[in-house]
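Derivation of every value follows stated rules applied to the coordinates shown; laboratory data play no part. Fair warning: this is a prediction, and the values are worked out from it, not measured in the lab. So basically every Cβ, Gly included, is an ideal-geometry build from the backbone, and we count neighbours across all protein chains shown.
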Amino acid sequence: MNVFEELQARGLIAQMTDPERVEEYLTKHKMKFYIGFDPTADSLHVGHFVQIMVMAHMQKAGHTPIALFGGGTGMIGDPSGKTDMRKMLTKETIEHNIECFQKQMSRLIDFSDGKAIMVNNADWLMNLNYIDFLREVGVHFSVNRMLAAECYKQRLERGLSFFELNYMIMQSYDFLTLNRKYDCKLELGGDDQWSNIIGGVELCRRCDGKEVFGMTFKLLQTSDGRKMGKTEKGAVWLDPEKTSPYDFYQYWRNVDDADVVNCMKMLTFIPVEQIEEYAKLEGSEINKAKEILAYEVTKLIHGEEEAQKAQTAARSLFGGSASDENMPTTELTDEDFIDGKINVIDILVKTNLAKSKGEARRLIQQGGVLADDVKVTGFDVEISKDQLAAAPVIIKKGKKSFQKITLA
């Protein structure tokens, strides 16, 4: 199976500018391609994971990835999918975020010996002469067509600034620059980037008469169309300090039955034929596939040792032995106690098992909270400092969320 067939079989491909030519290039030639990452946070998240997996599949097939970090475009921010203008970041913050991205990406992409390339579009965007740029690049963009693009259309009602309107032109100029400098012929991105990608393809043709291509891949969504990668605590990050390896493992272990096969195809290197066998599992047997998914994805991001720890901790807890050292833990300090005690409601909030005291009370009222496997039945239940000094207490919310509470 060639890489084009592999991406199709895994359900990754959404749209292409010229399907026949893209397939020909991917199967008969070795080419340079790029994906852009705007450094809007200090960690990549699950949404980026799909893009990195596509890069990895392409690299394994002999193509050369260019990871473009948006040191320049990040100064503006992509309006796609946003109802309000993004918060403007400082140059220092952007540079720090890029360093974090580079480290995380290097786990899955081999950047040694020119096998992949890292570039920062600040190198060519930050020193542009505005008039020259408008004459060379801006002249090729129709404002009418830009405003009809999905990435801008949804913003018009609430107001789209001229500042953001430049984003598509900047991203398109990236493709032109990479084509001129590296002979990059293909831009990849999530399906929400289709309008921006088309802009770059057309700019290369209009400025230099070059044939280049664009391809988007599907966004990571549940079977009913909801975006994946969000939890009660927020985004699922690839940084272990922001989302622990255990929480990361549990996220994939707890996906809906209907989403297991799709996640396996998009986010692991498990052969498609083997995944099709897992698709035949029914009922409680599906949990086996969920464990495999969670282990494989965690191993890719955090390494085999952390994946093994997370799996052991999960099996320990749900097998009835809730004392494993790898469980997610919250440490309490003297400041958390009043007269040597802390209310379970306060623990739920502190551990983010509940967003507020009101939500914590509702959970208790509904019978959804357990302390050391004993149901919490009242709002006045407290845990003492002496109790925690003797042994940790496991607080569970429902069947899937829990925290080990210890003293600092």
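In the Gaussian network model of the chain, springs joining C-alpha atoms below 10 Å, which of 52, 301, 347 carries the largest mean-square fluctuation?
347
Quick one: Karplus J couplings for region 36-41, per residue in order, coefficients 6.51, -1.76, 1.60, θ = phi - 60°, nearest Hz, x for Gly and Pro?
x, 10, 7, x, 8, 9
Karplus couplings for region 96-112 from phi (6.51 cos²θ - 1.76 cosθ + 1.60, θ = phi - 60°), rounded to Hz, Gly and Pro as x?
5, 4, 4, 4, 5, 4, 4, 5, 5, 5, 5, 5, 10, 10, 8, 9, 7
Just subtract the alpha-carbon distance of residue 99 and residue 377 from 0.36 nm times their residue separation and send over the number in nm, one decimal.
The span from residue 99 to residue 377 would gain 95.3 nm if fully extended.
Once amide H atoms are built 1.01 Å from N in the peptide plane, which residues 5 or more positions from residue 64, or in another chain, come under 5 Å H to H?
Placed amide hydrogens put 31, 32, 33 under 5 Å from residue 64.
5 Å is the cut-off here: which amide hydrogens, built 1.01 Å from N in the peptide plane, fall below it relative to residue 231, excluding neighbours closer than 5 in sequence?
Here the answer is 236, since their amide H atoms fall under 5 Å of that of residue 231.
Using DSSP to define loop residues, name the GluC sites (Glu not before Pro) in region 132-230 whose beta-carbon has at most 16 other beta-carbon atoms within 10 Å.
157, 211
For residue 111 and residue 60, what does the FRET efficiency come to when R0 = 22 Å and r is the distance between their Cβ atoms, rounded to the nearest 0.05?
Computed FRET efficiency for residue 111 and residue 60 comes out at 0.95.
Please determine, in degrees from 0 to 90 and to the nearest 10, the orientation of helix 46-60 with respect to the longest principal axis defined by the Cα atoms of the chain, where the helix direction is its Cα long axis.
With both axes taken from Cα atoms, the answer is about 60 degrees.
HN-Hα J couplings of region 115-122 from phi, Karplus 6.51/-1.76/1.60, θ = phi - 60°, integer Hz, Gly and Pro as x?
6, 8, 10, 10, 9, 10, 5, 4
What number, in percent, do you get for the relative contact order of the chain if the mean sequence gap of Cα pairs under 8 Å and at least 6 apart is divided by its residue count?
15
So how tilted is helix 19-28 from the main axis of the chain? Cα-based, degrees 0 to 90, rounded to 10.
Taking Cα atoms only, the helix is inclined about 80 degrees.
Sequence-distant or interchain residues sharing an amide H contact under 5 Å with residue 354, placed H: which?
349
In region 230-318, what is the count of Lys pairs whose alpha carbons are under 19 Å apart, counting only pairs at least 8 residues apart or on separate chains?
Summing the qualifying lysine pairs gives 16.
How charged is the neighbourhood of residue 109? Take every other residue with its Cβ under 15 Å from the Cβ of residue 109, and add Lys/Arg as +1 and Asp/Glu as -1.
Residues close to residue 109 contribute a combined charge of +3.
Starting from the 7 Å offset along Cα-to-Cβ, what nm value, one decimal, do you get for the label separation of residue 282 and residue 163?
Roughly 5.7 nm, to one decimal.
Can you give the local net charge around residue 333? Use residues other than it whose beta-carbon is closer than 12 angstrom to its beta-carbon, Lys and Arg +1, Asp and Glu -1.
Once positives and negatives cancel, what remains is -2.
Below 8 Å between Cα atoms, with a sequence gap of 6+, how large is the relative contact order for region 3-217 in percent?
Once normalised by length, the contact order is 28 percent.
Here are some values of Cα extents along the principal axes in Å: (1) 74, 47, 40; (2) 78, 49, 46; (3) 68, 51, 33. Which one was computed from this structure?
Label of the calculated value: (1).
With axes computed from alpha carbons, what is the tilt in degrees of helix 162-182 against the longest principal axis of the chain, rounded to the nearest 10 within 0 to 90?
Approximately 70 degrees, to the nearest 10.
Can you pull out the chymotrypsin sites (Phe, Trp or Tyr not before Pro) in region 262-314 whose DSSP state is coil and whose Cβ has at most 15 other Cβ atoms within 10 Å?
269
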